[in-house]
Every structure is written in C-alpha cells, then in structure tokens.
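Each remark here refers to the structure printed beneath this line.
Please treat every number below as a calculation from the coordinates, not as lab data. Predicted, not measured: the structure shown is a model, and the values here were computed from it. A quick note on method: Cβ atoms are made from the backbone with ideal geometry, for glycine too, and the neighbour counts reach across all protein chains shown.
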Amino acid sequence: MSRLLDALGLGWMGVRGRPGRTVMSAIGISLGIATLILVTAIPASGQAQLDERLNQLGADVLVAQAADASPGAGVSLPRAAAAMVRRIGPVRAASGVANLNVAVLRTGLSDPNLTAGISALAASPDLLDSVHGHVAVGSFLNAATERLPAVVLGATAAAWLGITTLDPRHPVQIMVGHTWLTVVGILAPMPLTPELEQAVFVGWGTARSSFHAGGHPTVIYLRAVESQITAVSDVLPATLDPQLPGLISVSRPSDALAAKQATQSTFAGLFLGLSAVALIVGGIGVANTMIVSVLERRREIGLRRALGATRADIRLQFLSEAVLLAVLGGAIGIAIGMLGAAGYALARHWPIELPLTAITGGAAGATLIGVLAGLYPAIRASRLYPTEALASV
C-alpha cells in the first residue's frame with residue numbers, strides 16, 4: 001500500500017511540475033468525457049420532460065376507427081360502439097364522434113378554402129372526459145344544448161375562424177353546412193388529439209335533425225387503465241367488429257410524441273462516436289506527453305534505479321502519473337458536462353437528469369484511457385539501465 005502511495009505522490013509531482021503540458025494533455029480527455037455526459041444527460045432530461053408532459057396530457061388514450069372511414073367506403077362502427085367499449089373492464093371512459101362531411105364557414109360569404117381543414121363532428125357530452133379535454137371559453141355540449149343549434153369549437157378551428165372570445169350579450173354564429181349554429185364554447189388545446197383541435201362539435205340530436213346523421217360513429221376515443229393499455233388495444237377490434245376485426249385500426253396518440261422524441265435521440269449515437277474520438281485523441285495526447293516525459297527525465301530514472309528503485313517501481317510511477325493526468329482531465333470533463341447539461345435543461349424548462357451511469361462511466365473511461373496511454377511509456381521507462389540513463393545526460 002505504501003508503495004502505491006509513494007508512486008501516486010511521485011506521479012502527482014510529475015503532473016503538477018508541468019502545468020502547461022498537463023492542461024494541454026487533459027483537454028482531449030475533458031472534451032470526450034464532457035461530450036459523453038452531455039449526450040446522455042440531455043436526452044435523459046428530455047425523456048423526463050416528455051414523461052411529465054404525457055402524464056399531464058394523458059398517456060392512457062386510445063383511438064379506434066374503421067380502417068377506411070372515408071365517405072362511401074361502406075365501413076362504419078355500430079351505433080352502440082361507445083357503450084360496447086365501456087364494457088371492457090379496464091376502460092374508464094369512451095365516446096364516439098361522427099364526421100358530418102359538411103363545410104364550416106364563418107359567414108355565408110366566406111371562402112370555403114379558408115376553412116377547408118375544419119371538420120364538423122357529431123359528439124356527445126362525455127367526449128372531453130375520454131380525451132382529457134378542457135373548455136377554455138364558455139361550455140361544452142350538455143343535455144340541454146345537445147339537441148339545440150349549438151356548436152363548440154376546437155382551439156385551432158376557433159383560431160382559423162377568427163373567434164377567440166365569447167360574449168353572451170352578443171352571440172356568435174357560424175354556418176355548418178347550410179345551418180346557422182350558435183357558438184357556446186371554445187376548447188383548450190389538446191396536443192394528443194390534434195384532429196379534435198381542428199373540429200367543431202354539435203350534439204347528436206342536432207346532427208340527426210339538421211344533418212341527417214345516421215347515428216353511427218366514425219371514431220371512438222377512450223381512456224383505459226394505463227397498465228392495461230396494450231391488453232385493451234388487443235381486444236378492441238374484436239369488440240367493435242367481431243366478424244371483421246381486421247377492419248378496425250387502433251392507435252395510441254401518446255406514441256406519436258414518444259416516437260418524435262426517439263427520432264430526436266438518434267443523434268445521440270453520433271455524439272457518442274465523437275466523444276469516443278475525443279477520448280482516443282486525448283489518450284494519444286497523454287501517451288505522447290508521457291513518452292516525452294520519459295525522454296526528459298532519463299537522469300531522474302537513472303538516479304532512482306541507482307538508488308535501488310526496481311523496474312516495477314519505475315513502471316508504477318509513470319503509470320500513476322498517466323492515470324492521474326487522465327483522471328484530472330476526466331474530472332474537469334465531468335464537471336463541464338454536468339454544468340452544460342444542467343444549464344441546457346434549465347434553459348428549456350426541463351427537469352435536470354444526470355444519469356449516475358454516465359458519471360461513473362466517464363470516470364471509469366478516463367481511468368482506462370490513462371492506464372492504456374501510460375502503459376507503453378511506463379514500460380519503456382522501466383527498461384532503461386541506470387548506467388545508460390546517466391550516461392545519456
């Protein structure tokens with residue numbers, strides 16, 4: 001143990017005695033370790049923020065619809081589809097909507113092309129509970145307005161129509177198909193179901209009386225126990241269409257956000273490769289520094305050998321110096337990486353996540369680089385004979 005402590009003491013003297021060379025040699029390793037920390041901590045913070053956002057939005061939503069729900073396709077869901085889905089044990093709420101396939105206009109003179117992306121949907125009052133929706137202004141459909149000429153706007157549809165506020169003293173009307181309907185509410189954004197943001201909603205009673213809707217929903221939205229989402233998704237097609245379950249498609253909106261995050265994380269592999277290159281360059285720099293150090297300190301090596309130091313003592317001294325040099329660079333790189341990752345997360349208002357595996361891996365990587373980089377110079381130094389080392393001075 002004392003032998004190792006003596007070697008570490010001598011190694012530290014070698015590192016401290018050449019500060020300029022030490023800094024230049026440690027830069028490569030610092031950059032490599034800092035990059036390693038950044039490319040693991042930043043995606044971890046992004047994932048934590050995504051998980052937090054999904055928890056707020058609701059990662060327990062499923063959407064089921066006929067594989068071909070276009071007009072005239074001949075494929076529709078049963079009228080009691082929502083009730084059938086609610087009978088599945090883990091399902092907490094379910095509601096169906098039907099596309100009325102009519103134009104939505106701000107006035108009778110409006111250009112239809114300006115609102116071509118707005119859908120008119122027949123909906124029931126329990127829709128918002130099935131999609132974690134909220135009303136921003138006014139109210140949603142209820143038992144009273146479901147049969148009246150009332151309409152609720154999605155957030156994007158309201159923006160396209162130029163309706164942002166409602167005043168009960170001055171009711172706002174829009175034309176849905178050829179029917180004037182009074183706007184009673186505007187919904188808050190729903191990132192998990194953007195198609196609902198671009199829609200306007202009328203009650204099923206109004207849909208039947210004014211738009212001759214048949215009562216068959218085209219899409220079913222449901223919430224289920226999150227741990228049972230996969231199981232519900234598996235039985236949902238057969239529940240909605242026992243004879244032809246293959247005609248029912250089921251999607252999980254939260255998967256779209258998760259997939260987007262995954263595509264953004266594909267660059268992590270590239271940056272990990274860059275960090276590996278930086279570490280290799282840093283290791284070469286440490287090796288070069290140690291080789292030069294051996295050449296410059298031949299007299300010191302000769303004197304130590306003449307005074308009784310063994311080859312193992314010389315190897316351990318220079319190996320310790322290389323490891324200390326690499327560990328110093330690694331410590332600086334870890335500090336830079338942690339500060340950089342924390343600063344980036346704070347700037348993006350993300351939770352700060354600093355994976356312990358990345359920190360310990362960075363420290364272990366720096367130590368390994370030091371051992372590999374110092375091995376050859378240490379062996380070369382130990383092979384110098386005392387007479388040869390002293391004679392060359």
**Request:** Return the sequence-ordered ³J(HN,Hα) values of segment 351-364 in whole Hz as given by the Karplus equation 6.51 cos²θ - 1.76 cosθ + 1.60 applied to θ = phi - 60°, using x for Gly and Pro.
**Result:** x, 7, 10, 10, x, 5, 5, 5, 5, 5, x, x, 5, 5
**Message:** Starting from 0.36 nm per residue, how many nanometres of slack lie between T165 and D129 once their C-alpha separation is accounted for?
**Reply:** 10.6 nm
**Request:** Could you check the simple spin-label distance between A231 and A144, using points 7 Å along Cα→Cβ, in nm with one decimal?
**Result:** 4.2 nm
**Message:** Could you work out the percent of alpha carbon pairs in segment 174-237 separated by over 21 Å, rounded to a whole number?
**Reply:** 46 percent
**Sequence-separation-based contact order of segment 61-224, relative, with Cα cut under 8 Å and 6+ spacing, percent** = 36 percent
**Prompt:** Listed highest first by mean packing, meaning other Cβ atoms within 10 Å per residue, what order do 375-383, 226-234, 209-217, 31-39 come in?
**Reply:** 31-39, 375-383, 209-217, 226-234
**Message:** Using the Cα centre of segment 61-224 as the reference point, and only Cβ charges (+1 on K/R, -1 on D/E), how large is the resulting charge dipole? Debye, rounded to the nearest 20.
**Reply:** 400 debye
**Message:** Give me the extension gain from T107 to W180: residue separation times 0.36 nm, minus the current Cα-Cα distance, reported in nm with one decimal.
**Reply:** 25.4 nm
**Request:** Report the extension gain between A276 and V292 in nm, rounded to one decimal, defined as 0.36 nm multiplied by the number of residues separating them, less their alpha carbon distance.
**Result:** 3.3 nm
**Request:** State the answer as a single residue: which of G205, A150, L121 lies farthest towards the positive end of the charge dipole of segment 61-224, with beta carbon charges of +1 for Lys and Arg and -1 for Asp and Glu, about the Cα centre.
**Result:** G205
**Request:** Could you tell me which trypsin sites (Lys or Arg not before Pro) in segment 86-172 are loop residues by DSSP with no more than 11 other beta carbons within 10 angstrom of their beta carbon?
**Result:** R87, R169
**Item:** Calculated from backbone phi, Karplus (6.51, -1.76, 1.60) coupling profile of segment 112-124 in Hz, x at Gly/Pro
**Value:** x, 5, 6, 10, 5, x, 8, 9, 9, 10, 7, 9, 10
**For segment 61-224, alpha-carbon Rg over 2.2 N^0.38 Å** = 0.98
